[in-house]
């Protein structure tokens, strides 16, 4: 009675087991995430100088003393470009490799996650630095 039932479901491991020398197809979701992160970083880097210049004029019109975080953001409008360069390079790296090894897949996932975290921290700090003076002035008025 060691016959296998042809109607029983096939048991597969939780993760795809691929020997290190073999390659797998690059997941489409990984490529889409890399493209979105690269585009977002490039868009932010391109628009940041003009946007920050407009906020500097706005803050100058208020005549208020600015916090250190706001002064830092306004003094470095081109600080977004390193993230854009890394994001575009990462997207090109992932797009150019349709077949990858499991180790390369892990590196690509790590790169997407790290850049995503860096972008989230940068955007969060930027929003904090720009809007804190506006909220403080609104509380005074």
What ranking do 101-113, 85-97 get when scored by the average of other Cβ atoms within 10 Å per residue, highest first?
-> 85-97, 101-113
With Cα coordinates, the longest principal axis of the chain makes an angle with the long axis of helix 28-62, in degrees rounded to 10, of 10
For the chain, what is the calculated [θ] at 222 nm in deg cm²/dmol (nearest 500), taking -39500 (n - 2.57) for each run of four or more DSSP H residues and dividing by its residue count?
-> -24500 deg cm²/dmol
For log10 I(q)/I(0) by the Debye sum over Cα atoms at q = 0.09, 0.18, 0.20, 0.22 Å⁻¹, which listed value, (1) -0.39, -1.10, -1.23, -1.36; (2) -0.35, -1.08, -1.25, -1.41; (3) -0.46, -0.99, -1.11, -1.24, comes from the coordinates shown?
-> (3)
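Values quoted throughout were computed directly from the atomic coordinates according to the rules given, and no laboratory measurement underlies them. In this text, all values refer to a predicted model and were calculated from it rather than measured experimentally. Here the Cβ is made from the backbone with ideal geometry for all residues, glycine too, and neighbour counts use every protein chain on show.
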